[in-house]
1. Can you run down the residue pairs with Cβ atoms below 9 Å, 6 or more apart or on separate chains, where the first is in the stretch 590-606 and surrounded by fewer than 17 Cβ atoms within 10 Å (Cβ to Cβ) and the partner is basic (Lys, Arg)?
2. Which is within 30 Å of PRO340 (Cβ to Cβ) and modelled with pLDDT under 85, of HIS136, HIS57?
3. Which of the residues belonging to the stretch 479-525 are assigned to a loop (DSSP other than H, G, I, E, B) and among the small types (Gly, Ala, Ser)?
4. Of everything in the stretch 569-589 that's within 27 Å of the chain's Cα centre (by Cα) and farther than 19 Å from GLN490 by Cβ, which residue is surrounded by the most Cβ atoms within 10 Å (Cβ to Cβ)?
5. Of the numbered conditions (1) among the β-branched types (Val, Ile, Thr); (2) surrounded by fewer than 22 Cβ atoms within 10 Å (Cβ to Cβ); (3) modelled with pLDDT under 80, VAL436 fails exactly one; give the number of that condition.
6. So, in the stretch 724-743, how many residues would count as being surrounded by 16 or more Cβ atoms within 10 Å (Cβ to Cβ) and part of a helix (DSSP H, G or I)?
7. I'm trying to understand the selection: among the residues of the stretch 291-304, which are surrounded by fewer than 20 Cβ atoms within 10 Å (Cβ to Cβ) and either touching a residue at least 40 places away in the same chain (Cβ under 8 Å) or of a type outside the set (Ser, Thr, Tyr) (or both)?
8. Assuming LEU87 fulfils every condition listed in (1) at pLDDT below 85; (2) of a type in the set (A, V, I, L, M); (3) touching a Pro at 6+ places or on another chain (Cβ under 7 Å) apart from one, which condition is it?
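The values are calculated or read from the model by the stated rules, or taken from the named source; none is laboratory data. Only a predicted model underlies this, so the values are computations on that prediction, with no experimental measurement involved. Note that we place each Cβ from the backbone using ideal geometry, even for glycine, and neighbour counts take in every protein chain shown.
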Amino acid sequence: MAWLFGISLFFSALLLFLVQPMIAKMLLPLLGGVPAVWNTCLVFFQAMLLAGYAYAHWVTARLALGSQLVLHLGLLLLAALTLPLGLAEGQTRTLSAGSSPSLWLLWSLTTSVGLPFFIVSTTSPLLQRWFSRTRHASAHDPYFLYAASNCGSFLALIAYPALLEPHLRLRDQSVLWAVGYVVMAVLVLACGLVAQRNQLGSTDRTSPFGQPAQPATETASSVDGAFLWQSRLRWVLLAFVPSSLMLGVTNYLGTDIVSFPLLWVVPLALYLLTYILSFTRKRVLPIRWLARSVPIGALAVACLILSRATQPVLVLLLVHLAFFWLAGMLCHGQLADNRPGAERLTEFYLALSVGGVLGGAFNALVAPKIFTTAVEYPLAVVLACLLRPPASAGRRGDVGLMDFAFPVLLGTLTACLGVAAAWLGLNSIHVRIGLVIGIPAILGFVFVDRPVRFGLGLGAIFCAGWFSLGLYGKTLYAERNFFGVSRVTQSSGGTFRQFVHGNTLHGRQFIEAVRQCEPLTYYHRTGPIGDVFNLLDSRSASTNIAVIGLGTGSMSAYSRPDQSWTYYEVDPAVIRIAQDTNCFTFLKYCAQGALRLVAGDGRLRLREAAPGQYNLIVLDAFSSDAIPVHLLTREALDLYLSKLAEGGLLAFHISNRYLELEPVVGELAKAAQLVCRSCDESNLSGEDLAHGKEESHWVVLARRTSDLGRLAKNSRWLAVRGNARTGVWTDDFSNVLSVFKWK
């Protein structure tokens, strides 16, 4: 019986976590690869999980086992009518320029996968409750089955990017999932019938040794007989913090450290691993050891965040992820230790789900509205420290005046040290960290045995510690929305004004007025795109140019009076910053031709252009390391060609630290029988970098070699032959792992 229930829970969790990346792959490319896209999807999945747990709690409390089985079988059949999963016709057209990306994404997920996901999500609490009502010797404490469920989730999370995505198209994945759904439904039905046949009667449950088993209400895991609201609130808080931390660390690492594709997989896998290890029958790590380790990790994370450290990437990733894992183990370990008896099982899981949803909603929906930086991550770090069990049981409620006075003094000291470091002109970042952060951290660690005092002290250090310069200099303006944090900074030497999104530079302009119309960074006149515009200028006919991706508007410095330019930009914050002359002046003072800004997804809005309208289409949406895959598919290329005039050019900016996109474009060109040339300008001199130039990688496509003009004979523009291993990406198939730069 235990094996049947365990396999059923494992298989349902496998389906639950396979459908998440599958449906995300269908929807998310329209919004690019920004961390907020996945975070919003995760909120939806958590909300549906909450609905599933609420359903399980309701039916097990109000209906007999036979009635539960009949009702659940009906819902399983109803959800089966929506299979195989897919997007409704015209779904992508509902994303308008003025609509909220979060609301559009949530509605699209609801209509495409809502009902099947809800039904599958009910399996874990429902089957565990059914098992607890049987005569099985372990039925009084069925929480070990939760580990089996999380093992299925963990396996699905790893298997999708490694096995399914590289080998199956989306339609095939959807069909395979539908077959799996049928198998799961049969397993659930079998569990229900077995549970009904072995239902506990009036006789006492016995152990394998013939002795009466311990009643559920008397188990050591029970908090108390009344299950006070205080216990329920603690369950919610202990579930809230790891959920918030998971999204917080994903967003922080993905925007401030390394915008790495599929980065979200790692924190989510660690999150599931903490559940697996915490709910196994044998404790892996003692709570007391975890309670000692979390403050050390929290101080290390605080030092890295406040110093704006971005290198070395591997060390930073390990520190942040190690702390997240320790904090997750601490919170989930306390949940496992305080789990109630089997009769309160569904209530317990409902509280966990409420905490998970609140944590996800706070990070994905609330924080971007009320914070201009990623404050939610440090806040979750502080909460993890506050929720530590005290060194002695008697100190849990021992909170005095000093627990609040000490953090105020510590924050004041941190602020004073920051001002002193700036006044003394300490330029060494290491000296600043040691002075401004190190001293307060040592003082705070003295009170590590008092969770409230230490946690609030750490919060005070976070609040007062924003005095050191970041990687790109002093921040002049910051704005946050669904697509991330956009900042305008001034370089440390005062030479440039820069536009930074996360940790990716999107443009730069000279502050000196006489040089403000020089295109810099990836758009330098001596760079690859300079060659393209030189070719365009050699043609006497007036031209229409489309650019997908606005940035600072640097390329408008190439415009001529006889040209018409159209920029397509999905992020409204980017449009506001590019048009603000207090930030950048390319659009206002450097553009000589007619200029038009179109808000919305470039691929969707480009459909509105007339056939053959543009002589040059520039795809400049790949300079961030999180790429919008939907701009690199065969269907997208067909759209570009339909809008490209005879003799026109397509230019792709594919600079990327972690993905080699040249083979992808090469395979697209080969499939469409286009001519393809690439220029990868790297290893720039110190003089080039000092004058604002950045390394860049560009690919140009044309229908005929003659359309390339002088580029066809330029030695630095090399022919691209593609890579058969990469394959032709389509809206139905892409393989990001195949283009990773593993070295």
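1. Close Cβ pairs (under 9 Å, with a partner that is basic (Lys, Arg)) amount to GLN592/ARG560.
2. Among HIS136, HIS57, only HIS136 is within 30 Å of PRO340 (Cβ to Cβ) and modelled with pLDDT under 85.
3. SER491, SER492, GLY493, GLY494, GLY502
4. Going through the qualifying residues, I end up with VAL570.
5. (2)
6. Residues in the stretch 724-743 being surrounded by 16 or more Cβ atoms within 10 Å (Cβ to Cβ) and part of a helix (DSSP H, G or I): 3 in total.
7. Listed by number, the residues that qualify are ARG292, ILE296, ALA300, CYS303.
8. The failed condition is (3).
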